[in-house]
Amino acid sequence: MLRTSALRRGLAAAAVLAVGVGCTAQPTDGRPAGADGKSGGGAGAVATPGAGSGTSLPSAPPRPSKNPAARPTAAPSPSGSVSPSASASASASARTPSSARTPSPGAAKPRTVMASGAESDQVRELQARLRQIGHFDRTPTGYYGTLTATAVSSFQGKRGLSRTGTTDSVTWQKLLTMTRKPTGAELWPPTERPVAEPDPRCLKGRVLCISKNSRTLSWMVDGTRVSTMDVRFGSEYTPTREGTFTVYWKSRHHVSTLYDTAMPYAMFFSGGQAVHYSADFAARGYSGASHGCVNVRDEAKIADLFVEVKTGDKVVIYW
């Protein structure tokens, strides 16, 4: 009796063990349970019956999961639609300025119209136009020196242009639109300085009447002033002599043997001192001085004067 009871208890335990190894307990909703509660996979997946068991249990078809993380991914976009990454890339490209995507070629450099060292009627017009708007405070000379370059640079700076001091096509056109055509008096003014009353010695005959006070030269014939021009004199170390002299020699293309400098249209009146054109005076104005000569900065005027004056004509230099 005891053996029969023990045998029955052994058979019951073996049956319980067989159920625990070869089967999977189903949850109340019929879904296979995963280790983290998600359907399928993991240690809680449906087990294949052991070999030799001779039996297998059909798995119930899975039902749609109520867990959002277990839902299938969205279907692919229909053909022709733009993916989010492609759309973002297109957006970024649209926001990029066209200049950044394709650099534009550099602008052409403006053409040079006038530059330092030039000498012409166009330079004289440039100076007269600059003077109209307060950038050039000298009498136009027609010579493009340092004063003209400085005036052009000042004009360029005020108008937002590159301060080169060279008159290029952009600078020239800007100046033309801001000014009017200069008159004859603006292009060829008698002088920028008030003309002094002539010394009594200048009232008779043909006289180069030169005032140190007004720094002007007047060519006078029998008391009538024919032409007037600006002049400058020697420094305190090389002063221009004062008094009454005569023109004793004329030299059209003279070069100083002492200083090796050009003295065009020279009209000598006392030793090595002469009335002549000075490119330095044209360029620097009164910031410089001569070595004793009477400098003229308007080349056109002294060229005409050189033709008029004759050897033996009087020269009067006074205060």
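The values are calculated or read from the model by the stated rules, or taken from the named source; none is laboratory data. This one's a predicted model, so the numbers in the text were calculated from it and none came from an experiment. Cβ coordinates were reconstructed from backbone atoms using ideal geometry, including for glycine residues, and neighbour counts include every protein chain displayed. These accessible areas exclude ligands, DNA and RNA; they are computed on the full protein's heavy atoms, side chains included. Shrake-Rupley method; radii C 1.70, N 1.55, O 1.52, S 1.80 Å.
Let's test the formula: R0 of 22 Å, r as the Cβ-Cβ distance of Y286 and A115. What FRET efficiency results, to the nearest 0.05?
On the way: r = 24 Å, r/R0 = 1.10.
With a Förster radius of 22 Å, E is 0.35.
Find the accessible area per residue for segment 192-244; the probe is 1.4 Å, ligands and nucleic acids are left out, and the unit is Å².
Accessible area per residue: 51 Å².
Less than 11 Å Cβ to Cβ from V207, Lys/Arg counted +1 and Asp/Glu -1: what total charge do the surrounding residues give?
Working: positive: R201, K204, R206, R225, K314; negative: D199, D222, D313.
Neighbour charge sum, excluding V207 itself: +2.
Identify all lysines with a Cα-Cα distance to K301 below 20 Å; exclude those on the same chain that are fewer than 8 residues away in sequence.
List returned: K212, K250, K310, K314.
First measure r as the distance between the Cβ atoms of A108 and L161, then evaluate 1/(1 + (r/R0)^6) with R0 = 22 Å and state the FRET efficiency to the nearest 0.05.
Details: r = 15 Å, r/R0 = 0.70.
Taking R0 as 22 Å, the efficiency between A108 and L161 is 0.90.
May I ask you to give the percent of accessible area on segment 212-319 that is carbon plus sulfur, with a probe radius of 1.4 Å? Before the final figure, lay out the partial values.
On the way: 2520 of 4890 Å².
After summing per-atom areas, the C and S share lands at 51 percent.
Could you do me a favour and compute the accessible area per residue for segment 134-191, 1.4 Å probe, result in Å²?
Details: 2840 Å² over 58 residues.
Result: 49 Å² per residue.
At a 1.4 Å probe radius, carbon and sulfur cover how many percent of the accessible area of segment 141-201? Write out the running numbers ahead of the final one.
Values: 1810 of 3270 Å².
Here it works out to 55 percent.
Hey, if we sort L147, L130 by accessible area with the 1.4 Å probe, largest down, what's the order? If you can, show how the numbers build up before the last one.
Numbers: L147 50, L130 0 Å².
Result, largest first: L147, L130.
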